[in-house]
Amino acid sequence: MKKTLYNYLKQYSDSDMYPFHMPGHKRNFQCGLLSGLYRMDITEIDGFDNLHEPESIIKDAQERAAELYHSEESFYLVNGSTSGILSAVSALSGGANRLIIARNCHKAVYHAAFLNHMKLYDVYPEIYEEYDIAGPVSVEAVEKEIKAILQETDEEKSAAEAIAGVVITSPTYDGVVSDVKAIADMVHGYGVPLIVDQAHGAHFGFHPSYPENAVSQGADIVIHSVHKTLPAPTQTALLHRNGNLIDREKLKRYLHIYQSSSPSYLLMAGIDEALFTIATEGFRRLDELLGLRKQLEKRAETFQHIRVCPHTEPGKLIISVKNTSVTGQELSDILRKTYHLQMEMASGSYVTAILTMMDTKEGMERLATALQEIDQNLSATSEKQLPLPGLKIHPKRVMEIYEAYQSKFEKVDLKEAVDRTAAEFVSLYPPGIPILVPGEVISERVLEIIQGYQERGYVVQGIDQGKLKVISILE
């Protein structure tokens, strides 16, 4: 028998063991296709180990993950990458409270900074203007921020004493990869740890045409969302740890805090099966995906208006309609309503499609045909384009996030929010990258961007019935 969690669960479900324990469905709830899953849904019973103190089958599974990704330790996450990010950043707390982060980090990084009373220092990524997407974070930009922090400190402190760590996202939600190795080497020269949110890169490192994973490139902690690009259930992720710059015991303590005390064995089994698949079939499947993508790109060369962005890793397809008669949202709507193709995300001038090793030739051909037909009905214009949200405008921070997020606030109409201080995150969702962060000044330009996206039907989180939370003037 293959020694994965799924097979242990299947063997147990086929036995005559009667459960006088949780969960309350008692493994016999009949719910159509879900009935088989209920048969295998258990808690921490004898013989099935415990995620928070693994000694047998879960320990073995995590060790297989560590070997696969070349990390010293790997941890299964059943509360998503969010729990991994919260744990990783929290493990930096207790000493220096300055945290350097890429401005296009997921808001979970900001939440972790809030919870740990950290002062944020933003590093802005480059911009690929031609496609309106965020580019990589450069090693020069990160080092510039390190040097600026050292200059502002009154006392003679080393970088390790002044800076808790650096957090970047690579690949980005759009599939753009930074030079993780160069950044890791540089920050380690200052004695500063590097955390990489590689939620969208769990497939990295298994094929030479795809980027190497951040674990092998020297990051101290790497978070992978297994469900985003591997065949695993939603909410499953991994955290990998290397080196001695981040306290191992403190990290484990926070993993206990941010993870459920009743982790789902079905989710853990899903992680295990996904990792077995990438280990045994990954190269072949990723190679096949590469071939399918190249076929679509070849057809796209004949398009007059729609373009495929060349700056991404193979698992992300950025379909640009910049300077055409439709917005990204309108293209997404057409693909969904007319062709029954659901995209991952719509932005101002493009849509994002996630490609994985489980995509099919039929699905890719449907997308290519749909885009070809849509392209024939487009015209060239710049009237419908919207700016890249947030990353071209650098809001001024006047309060730290841990102060602003707990301050008294009031709700005001958008037009009354100019020059006020944000008390809430404002972001397009997906992907959840903030346009505004609590503690930042709200400019007229930021409001124009927010209103422009709302008027075009985008989901802008942080706006409630046309009102925005701002710090109370009476505070």
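The values are calculated or read from the model by the stated rules, or taken from the named source; none is laboratory data. It should be emphasised that the depicted structure is a prediction, and the values quoted were computed from it without experimental measurement. Here the Cβ is made from the backbone with ideal geometry for all residues, glycine too, and neighbour counts use every protein chain on show. Side chains are part of the model used for accessible areas, which takes the heavy atoms of the whole protein and leaves out ligands, DNA and RNA. Shrake-Rupley method; radii C 1.70, N 1.55, O 1.52, S 1.80 Å.
Quick one: how many residues across the stretch 445-475 are surrounded by 14 or more Cβ atoms within 10 Å (Cβ to Cβ) and polar (S, T, N, Q)?
Count: 3.
Any residue in the stretch 217-227 that is touching a His at 6+ places or on another chain (Cβ under 9 Å) and farther than 18 Å from A66 by Cα?
no
If we scan the stretch 207-219, do we find a residue that is under 22 Å from S93 (Cα atoms), touching a Leu at 6+ places or on another chain (Cβ under 7 Å) and either touching a residue at least 40 places away in the same chain (Cβ under 8 Å) or of a type in the set (A, V, I, L, M, F, W, C) (or both)?
yes
Considering the stretch 182-192 alone, what residues qualify as being farther than 15 Å from S216 by Cα and open to solvent by 10 Å² or more (accessible area, probe 1.4 Å)?
Correct list: M186, G189, Y190, G191.
Listed residues A279, A274; which is open to solvent by 10 Å² or more (accessible area, probe 1.4 Å) and aliphatic (A, V, I, L, M)?
A279 is the lone residue from the list that is open to solvent by 10 Å² or more (accessible area, probe 1.4 Å) and aliphatic (A, V, I, L, M).
Please state which of the following conditions L355 fails to meet, knowing it meets all the rest: (1) within 24 Å of H207 (Cα to Cα); (2) open to solvent by less than 40 Å² (accessible area, probe 1.4 Å); (3) touching a Ser or Thr at 6+ places or on another chain (Cβ under 6 Å).
(3)
Working only within the stretch 129-148, note down all residues that are of a type outside the set (K, R), free of Cβ contacts under 8 Å to residues at least 40 places away in the same chain and open to solvent by 40 Å² or more (accessible area, probe 1.4 Å).
E129, E140, A148
For the stretch 34-42, check the following and say yes or no: at least one residue is open to solvent by less than 50 Å² (accessible area, probe 1.4 Å) and either on the phi > 0 side of the Ramachandran plot or hydroxyl-bearing (S, T, Y) (or both).
yes
Could you say which residue among V196, V226 is free of Cβ contacts under 8 Å to residues at least 60 places away in the same chain, more than 22 Å from L51 (Cα to Cα) and among the aliphatic types (A, V, I, L, M)?
Exactly one of V196, V226 is free of Cβ contacts under 8 Å to residues at least 60 places away in the same chain, more than 22 Å from L51 (Cα to Cα) and among the aliphatic types (A, V, I, L, M), namely V196.
Any idea which residue in the stretch 397-406 is nearest to L99 (Cα to Cα), counting only those that are in a loop (DSSP other than H, G, I, E, B) and modelled with pLDDT of 95 or more?
Step by step, filter the stretch 397-406, then rank; the result is E400.
Looking at the stretch 322-342, can you tell me whether even one residue there is surrounded by fewer than 17 Cβ atoms within 10 Å (Cβ to Cβ) and under 22 Å from the mean Cα position of the chain (by Cα)?
Looking for residues that are surrounded by fewer than 17 Cβ atoms within 10 Å (Cβ to Cβ) and under 22 Å from the mean Cα position of the chain (by Cα), one finds at least one in the stretch 322-342, hence yes.
For the list (1) in contact (Cβ under 8 Å) with a residue 60 or more places away in the chain; (2) of a type outside the set (K, R); (3) in a loop (DSSP other than H, G, I, E, B), I need the number of the one condition that S74 fails.
For S74, the failing item is (3).
Whether any residue in the stretch 253-266 is assigned to a loop (DSSP other than H, G, I, E, B) and crowded, with 23+ Cβ neighbours inside 10 Å is what I want to check.
no
I need a count of the residues in the stretch 388-414 that are of a type in the set (S, T, Y) and open to solvent by less than 50 Å² (accessible area, probe 1.4 Å).
2
Does the stretch 415-424 include one or more residues that are closer than 30 Å to S320 by Cβ, part of a loop (DSSP other than H, G, I, E, B) and open to solvent by 40 Å² or more (accessible area, probe 1.4 Å)?
no
With respect to T82, determine if the residue is at pLDDT below 95 and either surrounded by 14 or more Cβ atoms within 10 Å (Cβ to Cβ) or under 28 Å from the mean Cα position of the chain (by Cα) (or both).
Criteria not met by T82.
From H111, H25, H52, which residue is in a helix (DSSP H, G or I) and farther than 28 Å from H207 by Cβ?
The match here is H111.
How about the stretch 218-240: which of its residues are surrounded by fewer than 24 Cβ atoms within 10 Å (Cβ to Cβ) and farther than 30 Å from L37 by Cβ?
G218 - this is the single residue of the stretch 218-240 that is surrounded by fewer than 24 Cβ atoms within 10 Å (Cβ to Cβ) and farther than 30 Å from L37 by Cβ.
All but one of (1) out of contact with any helix residue (DSSP H, G or I) (no Cβ under 8 Å at 6 or more places or on another chain); (2) of a type in the set (V, I, T); (3) within 30 Å of H200 (Cα to Cα) hold for I45; which doesn't?
(3)
Hey, among A102, A113, A88, which residue is closer than 26 Å to I257 by Cα, crowded, with 24+ Cβ neighbours inside 10 Å, hydrophobic (A, V, I, L, M, F, W, C) and in contact with a Leu (Cβ under 6 Å, 6 or more places away or on another chain)?
After ruling out the rest, the residue left standing is A113.
Any residue at all in the stretch 428-438 that is at pLDDT 95 or above, surrounded by fewer than 21 Cβ atoms within 10 Å (Cβ to Cβ) and in a loop (DSSP other than H, G, I, E, B)?
Checked the stretch 428-438: no residue is at pLDDT 95 or above, surrounded by fewer than 21 Cβ atoms within 10 Å (Cβ to Cβ) and in a loop (DSSP other than H, G, I, E, B).
Name the pairs: first residue in the stretch 23-52 and among the aromatic types (F, W, Y), second residue surrounded by fewer than 14 Cβ atoms within 10 Å (Cβ to Cβ) and part of a helix (DSSP H, G or I), Cβ to Cβ under 8 Å, at least 6 apart or on different chains?
F29/S35
Looking at the stretch 55-71 only, could you name the residues that are open to solvent by 30 Å² or more (accessible area, probe 1.4 Å) and in a loop (DSSP other than H, G, I, E, B)?
Result: E55, S56, H70.
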